[in-house]
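Each remark here refers to the structure printed beneath this line.
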Amino acid sequence: MKLTGPRLTAVGALILAVLLYLAGRTATMPRAYLFPNILALAMIGLAVYTLVSEWVRLGTPAATLVGQVPWGTLAPALIILGGYVYLLPRLGFYTTSLALFIILVLVYSPPRRLASRFLLPIALGLIFMLVIYGLFAVLLHVLAPAGLFM
Amino acid sequence: MPFLEYFPHLFTWWNMALLIGGTIGGLILGATPGLSPTMSVALLIPFTFSMQPASGLILLGAVYTATVAGGAVSAILINIPGAPANIATVFDGHRMARNGRATEALHYCFIASFVGGVVGVLLLIFFTPVLAEFALKFGPSELFWVAILGITVIGSLGAQSTARGLFAGAFGAWLSTIGYNPVLGVPRFVFVPQLAGGINIIAALIGLFAIPEVLSLLETARDPTAIETLGMERRSVWSSFGGCLRRVRALSIGTVVGCVVGLIPGAGGQISGLVAYDQARKLSPYSDNFGKGEPAGVIASESANNAMVGPSLVPLLTLSVPGSPTAAVLLGGLLIQGLFPGPQLFTQHAEVAWVFIDSLLVAQLLMLVFGLYISGLSRVVTRIPKRYMAAAVTVLAVFGTYSVENSFADVTVMMALGVGMYLFQKAGFSAAPMVLGIILGPIAERNFLQGRMIAQSGNGTLAYFFTGSLNLILIGLCLISIGYSIYGELRSLRRRKQQRQQQESSP
């Protein structure tokens, strides 16, 4: 039997459910874990049902259930998002968010002339951050961490 | 009738300015991901300190009404519900927008919100004493079954199979148990310090909907041939009124479900839209169209979440028991003004109470007018290139999450959940059941544990949870809901099989 996409998902779901159950079972003071353990058991049951039904339904087109992750396209985005979360409290929410806005737009822009490629994201990023500052800092009095800059 | 007697008191320049300002501000705040009705009302309470009690409550009531409806704008246009109450609007609202019917979806949203909202407020006006008694009948066992009823709708919410939907819902409920046990106070599953406070519902909502959407936008953002803009067609408001009235079944289901769920203290209006959507889908002859851009889905969801606004105030104004999280914040607003909810509120402070209730009725009308107006302005949002939209949504998601509790841990959790959800979606799971699990998990666990403690001092757990007319009705509804879900899936499978056989037999 081949381990196709949907079956792989069902196996992954079963492993996740078992791990969650074990996390609750092995903890001290089991009384506190009653509800999450009931949920984990329900998840195991549902994962087993999904696995069995995927195995029985031979010939079902797998592509309808599982999509492909375009890792090559999304790798820069994931790195940028990771860096964004890391730098937010260090450089300041507003500075880091402006940098994220500009970098994300530049990285995912279709190729074109250098000047128009840079100027528009910077200008729009500044305007957008002014609106965000007005809404959150001025109107709603949200004190975002300032970090090194702002 | 007192509500008519005090109606003229509402029409002062100052009160009308507050109503209009509150409605416009509420629509904008509601459309901003992360700024839920509860948070918007809480943020505005300090502004009401210096106002007359009636004026302060008018502002808070207008904001409450408008934010609930405003949350649908971002749900329809950018696939991110403004608040948990708007989750069900995403399923068909955003699909309608993708099919070139964004204006129609926004029109239906505000018209249905208006109808549901007016019926809900009329219920508050005419049936408050009777309904207050009904609301009091909900103890831990009944609330547990309400949460289970909510969980039974999970299976049909956007997932590609009932089992996957239920798995995602159970996983969401499991995620909600991270943090401290509500009864014993023991920390559970706190693997990293960021999880010590548990998973915030708003952070989860934003992460599970916004970040996968950002990554999906970026998948094709570089490709100039993969341009997909939302269609904002030109459409007369009157034809939308006609379309809404033609779907009177969905409108009625949404309104009735919203009114009933709004009355139940603690259940919150967060699930009214989802329950109404599920019931409208089950009772519709076009149930297969739900999730593909069916207007009845938007109408049921939006009429329900605004219909719960009035009834959620019934237990608050008469018994000091809030029917929704926002009503709980409103209770704070009342107490700050020196007003103590209860039967004496309608005798000692009759003018304040009735002017406030009357203002909710007028706020529904203003919400309709301004909502339909901003439907036209939303055209701007649909023309934003994907990379700009992705960048803007990411920044909004971070600020929206942070502003809930000024917690950076919430931002980290939001981002981690979002990236995880993107991968989960690729494996055929849906965000909606998981969010519903995170919302209902604490309600189910708290009431289950409280119920067990009460039962141990009485006739035992089984007798406590399985006897009593309200318990039996709720259990019956749960069984009907599960049975209908299974029947619907089997019917759908049979139909697909027949279609496949027809395709194979045709040359």
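Worth a mention:
- Residue pairs whose Cβ atoms lie under 6 Å apart, sitting 6 or more positions apart in sequence or on different chains, and linking a residue in region B:423-451 that is touching a residue at least 24 places away in the same chain (Cβ under 8 Å) and over 20 Å from B:LEU215 (Cα atoms) to a partner that is polar (S, T, N, Q) and assigned to a helix (DSSP H, G or I), are B:ILE438/B:SER176; B:ILE439/B:GLN270; B:GLY441/B:SER176; B:PRO442/B:SER176; B:GLY451/B:SER141.
- A:PRO76 vs. criteria at pLDDT below 90 and farther than 30 Å from B:MET39 by Cβ: no
- Pick from region B:444-460, criterion open to solvent by less than 40 Å² (accessible area, probe 1.4 Å) and in a helix (DSSP H, G or I), ranking: nearest to the other protein chains (Cβ to nearest Cβ): B:GLU445
- Conditions (1) part of a helix (DSSP H, G or I); (2) open to solvent by 10 Å² or more (accessible area, probe 1.4 Å); number of the one not met by B:GLY100: (1)
- The residue pairs whose first member lies in region A:16-39 and is more than 9 Å from chain B (Cβ to nearest Cβ), whose second member is at pLDDT 85 or above, and whose beta carbons are closer than 6 Å, counting only pairs six or more residues apart or on different chains, are A:TYR21/A:ALA40; A:ASN37/A:GLY24.
Okay, residues lined up against (1) more than 9 Å from chain A (Cβ to nearest Cβ); (2) in contact with a Pro (Cβ under 8 Å, 6 or more places away or on another chain):
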{"site": "B:GLY376", "(1), (2)": "yes, no"}
{"site": "B:ARG383", "(1), (2)": "yes, no"}
{"site": "B:LYS386", "(1), (2)": "no, no"}
{"site": "B:ALA390", "(1), (2)": "no, no"}
{"site": "B:MET415", "(1), (2)": "no, no"}
{"site": "B:MET421", "(1), (2)": "yes, yes"}
{"site": "B:ALA432", "(1), (2)": "yes, no"}
{"site": "B:VAL435", "(1), (2)": "yes, yes"}
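- Filtered residues of region B:1-27 (kept if of a type in the set (S, T, N, Q) and either open to solvent by 40 Å² or more (accessible area, probe 1.4 Å) or more than 17 Å from B:LEU44 (Cα to Cα) (or both)): B:THR12
- Within region B:402-443, the set of residues being under 19 Å from A:ALA40 (Cα atoms) and open to solvent by 10 Å² or more (accessible area, probe 1.4 Å) comprises B:LEU417, B:GLY420, B:PHE424, B:PHE429, B:SER430, B:PRO442, B:ILE443.
- Among the residues of region B:160-196, those identified as open to solvent by 40 Å² or more (accessible area, probe 1.4 Å) and part of a helix (DSSP H, G or I) are B:LEU166, B:PRO193, B:GLN194.
- Extreme residue, nearest to B:ILE80 (Cα to Cα), among residues of region B:209-230 that are of a type in the set (S, T, N, Q) and at pLDDT 75 or above: B:SER216
- For A:THR50: the one exception among (1) modelled with pLDDT under 75; (2) facing another protein chain (nearest Cβ under 7 Å): (1)
- Odd one out for A:GLY147, checked against (1) out of contact with any Leu (no Cβ under 9 Å at 6 or more places or on another chain); (2) more than 9 Å from every other protein chain (Cβ to nearest Cβ); (3) surrounded by 12 or more Cβ atoms within 10 Å (Cβ to Cβ): (1)
- Verdict on A:VAL105 being in a loop (DSSP other than H, G, I, E, B) and either more than 7 Å from chain B (Cβ to nearest Cβ) or within 19 Å of the chain's Cα centre (by Cα) (or both): no
- Residue match in region A:56-73 (condition: open to solvent by less than 40 Å² (accessible area, probe 1.4 Å), at pLDDT 80 or above and more than 7 Å from every other protein chain (Cβ to nearest Cβ)): no
The values are calculated or read from the model by the stated rules, or taken from the named source; none is laboratory data. Bear in mind the structure is a predicted one, so any value in this text is a computation, not a measurement. Quick reminder, even Gly has a Cβ in these numbers, built from the backbone with ideal geometry, and neighbours come from all protein chains shown. Just so you know, the surface numbers come from the protein's heavy atoms only, side chains and all, with ligands and any DNA or RNA stripped out. Shrake-Rupley method; radii C 1.70, N 1.55, O 1.52, S 1.80 Å.
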